[in-house]
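*Asks:* The structure that follows is given in the form of structure tokens.
The values are calculated or read from the model by the stated rules, or taken from the named source; none is laboratory data. Remember, it's a predicted structure, so these values are computed and weren't measured experimentally. Note: ideal-geometry Cβ built from the backbone for every residue, glycine included; neighbour counts use all protein chains shown.
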């Protein structure tokens, strides 16, 4: 089944403790992206990747890192989480954003930073 | 500045009422337009999309949207809503020539049975 898999689904952590949210897609998509969803602000793009080893900042990249060593995986890394990073995070992928295909979304990760 | 605006943040309707959700975008170039739906506790799913051609597009579950280029709008419509349409709806624009994909702030629709 074609899907985008995010883990974990829920995560509670404390300020400053490094964490990684994993994202994997099985559709051989070139494009992958991370969004955070906050009430009243909609979805805001954190980082995106056009292909392996090619990443770029979205609208709200501060405090986040990403890597794209393999086509299927695009982990989101919070080196030193802070409470303002408490949010619902979504990973998404698309065959090629150059043609603006639709995005396939993961199920989301609800992160709470205490 | 590039943006997508959704003017209705919360909408409450009774079953069988008609629905129209507004969406306007701001971008000097060509866009592809999308409506996504997020049911409670679920991830976003594509409802419909417009790339080119007929400005009236039909999506799943009886939804349709009309692209009006002169108004930079892409409003979502449904003639008769059902309780199961309760969800959050997001308008999005894919900015052609870039890798950017911008979402609106979402509209929460509640349909009363």
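*Asks:* Scan segment B:1-35 residue by residue and report those that are in contact (Cβ under 8 Å) with a residue 60 or more places away in the chain, within 13 Å of the chain's Cα centre (by Cα) and either exposed (fewer than 11 other Cβ atoms within 10 Å of the Cβ) or closer than 16 Å to residue B:62 by Cβ (or both).
*Replies:* If the condition is that a residue be in contact (Cβ under 8 Å) with a residue 60 or more places away in the chain, within 13 Å of the chain's Cα centre (by Cα) and either exposed (fewer than 11 other Cβ atoms within 10 Å of the Cβ) or closer than 16 Å to residue B:62 by Cβ (or both), then B:19, B:21 are the ones that fit.
*Asks:* Would you call residue A:43 within 23 Å of residue B:88 (Cα to Cα), within 12 Å of the chain's Cα centre (by Cα) and surrounded by 19 or more Cβ atoms within 10 Å (Cβ to Cβ)?
*Replies:* Taking the combined requirement at face value, the residue satisfies it.
*Asks:* Identify, from the list A:4, A:60, the residue that is within 10 Å of chain B (Cβ to nearest Cβ), surrounded by 14 or more Cβ atoms within 10 Å (Cβ to Cβ) and closer than 29 Å to residue B:6 by Cα.
*Replies:* Just one listed residue meets the conditions, A:4.
*Asks:* Name the one entry in B:88, B:66 that is out of contact with any helix residue (DSSP H, G or I) (no Cβ under 7 Å at 6 or more places or on another chain) and more than 12 Å from every other protein chain (Cβ to nearest Cβ).
*Replies:* Selected residue: B:66, the only one of B:88, B:66 that is out of contact with any helix residue (DSSP H, G or I) (no Cβ under 7 Å at 6 or more places or on another chain) and more than 12 Å from every other protein chain (Cβ to nearest Cβ).
*Asks:* Here's another thing I want to ask about it. Quick check, is residue A:30 touching a helix residue (DSSP H, G or I) at 6+ places or on another chain (Cβ under 9 Å) and within 14 Å of chain B (Cβ to nearest Cβ)?
*Replies:* In short, yes.
*Asks:* With the condition kept exactly as written, say whether any residue in segment B:29-38 is more than 25 Å from residue A:23 (Cβ to Cβ), modelled with pLDDT of 95 or more and out of contact with any helix residue (DSSP H, G or I) (no Cβ under 6 Å at 6 or more places or on another chain).
*Replies:* no
*Asks:* Within segment A:46-95, which residues are assigned to a strand (DSSP E or B) and without any contact (Cβ under 8 Å) to a residue 12 or more places away in the chain?
*Replies:* Selection gives A:56, A:57.
*Asks:* Consider residue A:95 against the criteria (1) more than 12 Å from chain B (Cβ to nearest Cβ); (2) modelled with pLDDT of 95 or more: it satisfies all of them except one. Which criterion is unmet?
*Replies:* Exception for residue A:95: condition (2).
*Asks:* Those residues that are part of a strand (DSSP E or B) and within 12 Å of the chain's Cα centre (by Cα), I need them from segment B:88-107; list them, please.
*Replies:* Listed by number, the residues that qualify are B:88, B:89, B:90, B:91, B:92, B:93, B:103, B:107.
Rundown of residues vs (1) within 14 Å of chain A (Cβ to nearest Cβ); (2) within 25 Å of residue A:47 (Cβ to Cβ), yes/no style:
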{"residue": "B:9", "(1), (2)": "yes, no"}
{"residue": "B:18", "(1), (2)": "no, no"}
{"residue": "B:29", "(1), (2)": "yes, yes"}
{"residue": "B:34", "(1), (2)": "yes, yes"}
{"residue": "B:72", "(1), (2)": "no, no"}
{"residue": "B:83", "(1), (2)": "no, no"}
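*Asks:* Does residue B:62 satisfy the criteria of being more than 17 Å from residue A:42 (Cα to Cα), modelled with pLDDT of 90 or more and touching a strand residue (DSSP E or B) at 6+ places or on another chain (Cβ under 6 Å)?
*Replies:* So residue B:62 passes the test.
*Asks:* Looking at A:100, A:84, A:51, which is the one that is away from chain B (no Cβ under 13 Å) and either surrounded by fewer than 20 Cβ atoms within 10 Å (Cβ to Cβ) or at pLDDT below 95 (or both)?
*Replies:* Of the residues listed, the single one that is away from chain B (no Cβ under 13 Å) and either surrounded by fewer than 20 Cβ atoms within 10 Å (Cβ to Cβ) or at pLDDT below 95 (or both) is A:84.
*Asks:* Further question: Can you give me the number of residues within segment A:25-40 that are surrounded by fewer than 16 Cβ atoms within 10 Å (Cβ to Cβ) and within 22 Å of residue A:1 (Cβ to Cβ)?
*Replies:* The number of residues fulfilling the criteria is 3.
*Asks:* Hey, another quick one. How many residues does segment A:103-114 contain that are in contact with a helix residue (DSSP H, G or I) (Cβ under 9 Å, 6 or more places away or on another chain), in a loop (DSSP other than H, G, I, E, B) and crowded, with 21+ Cβ neighbours inside 10 Å?
*Replies:* Selection size over segment A:103-114: 1.
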